[in-house]
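Colleague: Below are the structure tokens for one structure; questions will follow.
Read-outs: derived from the displayed coordinates by stated rules, not from any lab. This is a predicted model, so every value here is computed, not measured. All Cβ positions, glycine included, derive from the backbone under ideal geometry; neighbour counts span all protein chains shown.
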Amino acid sequence: MLKQQIKLFFQKITSKFNTPAYRVIFTTINHNRLLIAINFNANLLAGISEGSGFSLIFIALKVLESDKREDLLNNFLFKNTFLSKIIESLSQGQLFISLIILVILIQLLRNGLEYFGAVTSGYLGAEIQAQMTENIFTQIISFSFPCASSYKVGDLTNYVNQASVTVLNLIRHGNMFALLGIKLIINIIVLIQLKTIFSLITIIIFSFLFLIQRKIIPKIKKLSYKLAIIRANTSKQITEKIQALRIIHTFATQNRAITEIHKIENELVTNLKYQSLLIELTQPLVRIITTISMASILILGFLFVENSTIILPSLITFLILLNSLASHINGIASTTNRLAANSGRLARLEEILFPDDKEFTSSDGHIFKELKEEIKFNKVSLKYSNTTKEALININLRLKKGTTTALIGKSGAGKSSIAHLLIGLYQPTAGEILVDNIKLYEYNPTNWCKHLGVVSQDTFIFNQSILDNIRYGLPEATKQQVIQAARIANAHEFIENLPHTYDTVVGERGYRLSGGQRQRLALARAILKQPEIFILDEATSALDSYSEHLIQDALAQFQDNRTVLVIAHRLSTIVNSDLIIVLEEGRIVESGNHQELLAKKGNYAQYWQLQSL
């Protein structure tokens, strides 16, 4: 029965630590094992030094009282060593002074070791912060696009920012708990060696503190998770509102945004105050218990001294030891509370690291070299998660090598969904996409994307120089290659007119540039890669006529001998396409070239007539 209970206990402990977050933590610890070992040993020696100091104070007082050298000579520090002869040769006063000096030296050593331990702990913290930030960022970047896009930006940012703090707190507080535990054990050993009734009294009194802790810690853990959720929500809301500054100012809703954040912060403050009440409750309890213990011991000491049943050295040493003991117990209780407070962040860390409900980008697959024949959509359907309606239904489409295929249709018809599938951002929910008769998902996704050039309506420009923005997809490109791509994209002229030309930093999301300039930068970025397959997802729909004309001229030079997929609202931009596909509610309703579709007098002809008015 006992054997079974022990087995169940260890299984419970093992299962608790066999989680994604703890595996990452243990990996981090293993990576820094040398630094952790140095830190732990420094703290261990510091604890031993503290205990040795108390023992020597007690012996020194006994020597001063009655010159009981035999106690000293029997001590493991001096027994059968060259020091025993020195002890015998010293007078009572000299021996007392020597022992006190030795206590001071040991305490100096202890402080030095504790300083060394604190420094190595700081070094460890710096390493862990960088490693954990990289770990979580890598985890997020490794998600498939549908998986990553199911989170809010602020939520993902919160996961990255909190990961290093969470693990750092866990290791620091865990290390502090171990250090204080060692010191507490050493103090208790010294306490027991005094062999007085005071030891029993102290243990009984301080047991009450641990009983109180058992009541407080579950409440702190529960509150900690609630606070982690509130903090994450705050981060999400703030990030979203900062990203929406333009629309907030446009609609003059600054006060509403402030009020919403104020409401969330009020909830955070209320719970933080309650957490503070629980966490800080331990310190006054320890002080009260310590005061009661000292008062009780002094009273008992007075009675025993009066009756000559106890000697003064024991009482003095015990009081010094009790003060240190109280400090360590207070530290352990406080550290336990802070570990409990960190448990909410740890639970959040588990959420992002838990792999079973996540989808990751594959790093395997065939290497794509070139398109030899065609890309074929064979009965392809697509339904996005958290939606009931299918975005694409039974799509059959062939993109032949070296041809231009255009997709048109109303908003929500499924045009961008086809582009998303071709890029590999999503996988079909039915059917298959074949690239030269090999399924698209069987190709290595990183390698596949290297052969794609994508320009979309929502162009993302990094807050870096124009040079770095253009060569984002090909970082090894020379400046001359970048300039050549910019010339083809009709971007070189406006870049040369900027204050620092290609070294100009364009601001957050390229806000210092016009929409047309951003689009031409995106086009230059795609052109620089010299992609075999070119995807234009409404790249000119939001531009003025002049900017659109410039981009169309650039595209006309670049599209020759490339396989191009164009999504457009303005039919004038796609009249020369080899194949035009008309989509309605996720289905292909018409296909053909410009003249063929006009002759059919169907949907395409109606769109053409409306735009020709």
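Colleague: Highest first, please rank the peptides 139-151, 216-228 by the mean number of other Cβ atoms sitting within 10 Å of their residues. Don't skip to the answer; put the middle values down first.
Modeller: On the way: 139-151: 15.8, 216-228: 17.8.
Highest mean packing first, the order is 216-228, 139-151.
Colleague: Same structure again: Per 0.36 nm of contour for each residue apart, how much would the distance between Ser362 and Ile38 grow if the chain were fully extended, relative to their Cα-Cα spacing? Before the final figure, lay out the partial values.
Modeller: On the way: separation 324, 0.36 × 324 = 116.64 nm, distance 3.98 nm.
Fully extending the segment from Ser362 to Ile38 adds 112.7 nm.
Colleague: Whole angstrom only: what separates the Cα centroid of the stretch 577-603 from the Cα centroid of the stretch 470-489?
Modeller: Each part reduced to its Cα centre gives a spacing of 36 Å.
Colleague: Let me ask you something else. I need the shape label for the stretch 420-494. Rule: rounded when a/c is under 1.5, else prolate if a/b > b/c, else oblate, with a, b, c from the alpha carbon gyration tensor.
Modeller: Details: a/c = 2.75, a/b = 2.27, b/c = 1.21.
Because a/c hits 1.5 or more and a/b exceeds b/c, the stretch 420-494 counts as prolate.
Colleague: From the convex hull of the Cα coordinates of the stretch 358-398, what is the mean projected area in square nanometres? The partial results should precede the final answer.
Modeller: Values: hull surface 18.6 nm².
For the stretch 358-398, the mean projected area of the Cα convex hull comes to 4.7 nm².
Colleague: Let me ask something else. Given 0.36 nm per residue, what is the gain on full extension from Ile104 to Lys410 after removing their alpha carbon distance, in nm?
Modeller: Details: separation 306, 0.36 × 306 = 110.16 nm, distance 8.51 nm.
Fully extending the segment from Ile104 to Lys410 adds 101.7 nm.
Colleague: By count of other Cβ within 10 Å, fewest leading, how are Glu370, Glu127 ordered?
Modeller: Ascending number of Cβ neighbours within 10 Å: Glu370, Glu127.
Colleague: Around Gly409, under 12 Å between beta carbons, what's the net of Lys plus Arg minus Asp minus Glu among the other residues?
Modeller: Net charge in that neighbourhood comes out at -1.
Colleague: Report the paramagnetic label zone for Lys400: residues of the stretch 551-588 whose backbone N is under 15 Å from a point 7 Å from Cα along the Cα-to-Cβ axis.
Modeller: 561-564, 577-581
Colleague: Hey, another quick one. Hey, can you rank 450-456, 32-38 by average C-beta count inside 10 Å, highest first? Write down the numbers at each step before the final one.
Modeller: Values: 450-456: 19.6, 32-38: 14.0.
Result, highest mean Cβ count within 10 Å first: 450-456, 32-38.
Colleague: Neighbour counts of other C-beta atoms within 10 Å: give me Arg570, Arg348, Arg110 arranged from fewest to most. Working shown, then result.
Modeller: Details: Arg570 15, Arg348 23, Arg110 19.
Neighbour counts put them in this order, fewest first: Arg570, Arg110, Arg348.
Colleague: Sticking with this structure for a sec: If we count other beta carbons within 10 Å of each Cβ, what is the order of Ile264, Ile128, Ile470, fewest first?
Modeller: On the way: Ile264 17, Ile128 24, Ile470 28.
The order, fewest Cβ neighbours first, is Ile264, Ile128, Ile470.
Colleague: Cβ under 10 Å from Glu374's Cβ, Glu374 left aside: what net charge do those residues give with Lys, Arg +1 and Asp, Glu -1? All intermediate terms of the calculation are to be shown ahead of the outcome.
Modeller: Details: positive: Lys372, Lys376, Arg398, Lys400, Lys401; negative: Glu373, Asp436.
Cβ neighbours under 10 Å give a net charge of +3.
Colleague: Could you sort the peptides 387-394, 409-416 by per-residue average Cβ neighbour count (10 Å cutoff), highest mean leading?
Modeller: Values: 387-394: 15.5, 409-416: 18.6.
Descending packing order for the listed peptides: 409-416, 387-394.
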